[in-house]
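The values are calculated or read from the model by the stated rules, or taken from the named source; none is laboratory data. Just so you know, these numbers come straight off a predicted model, no measurement behind them. Please note: Cβ atoms are built from the backbone with ideal geometry, for glycine as well, and neighbour counts cover all protein chains shown. With ligands, DNA and RNA removed, areas are computed over all heavy atoms of the protein, side chains included. Shrake-Rupley method; radii C 1.70, N 1.55, O 1.52, S 1.80 Å.
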Amino acid sequence: MVKRYPHTAIVTIDVNGKTVNGEWVPGKPIEISVPGRYDPVSDGTVVYKRNSAGDEAQVHGYFYTKIQPQSGSKFLRLKVASKGIDVPIICWEPYQSHSIINV
């Protein structure tokens, strides 16, 4: 049987960051372990998503997981050692049964 979520990613999150006088003051970065599946964008399609700053960025891959993102946190990096991936996170989209980290 094939494992549905064969990879373990390390997600770096900036917690307790806040805006002071219109400027972002970073909080403390922590790392959490997230099981899931990584799929690169390989069919030639070009997809753009908005990051936390509101800028559009091109998506190069997706990490599917059952873990839901923590609200109010800023997501920084995704590392998947088994795939040799260490990239910035564009956005983390929650759905009812799963979530997708766009990188």
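Data overview
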read-out	value
Under 24 Å from K74, Cα to Cα: lysines that are on another chain or at least 8 residues apart	K18, K28, K49, K66, K83
Approximate spin-label separation S52-Q70, in nm, with each point projected 7 Å along Cα-to-Cβ	1.1
Local electrostatic count at D86 - Lys and Arg +1, Asp and Glu -1, tallied over other residues with Cβ under 11 Å	+3
Cα-based shape type of region 1-78, given that a ≥ b ≥ c are square roots of the gyration tensor eigenvalues and the cut on a/c is 1.5	oblate
Residue-count net charge about W24 - beta-carbon cut-off 13 Å; Lys, Arg +1, Asp, Glu -1	0
Qualifying chymotrypsin sites (Phe, Trp or Tyr not before Pro) for region 26-103 [loop in DSSP, other Cβ within 10 Å: at most 16]	Y95
In Å², nearest 10: area of D39 left accessible to a 1.4 Å probe	50
Sites excluded, trypsin sites (Lys or Arg not before Pro) in DSSP loops with at most 11 other C-beta within 10 Å, longest stretch of the chain	5-103
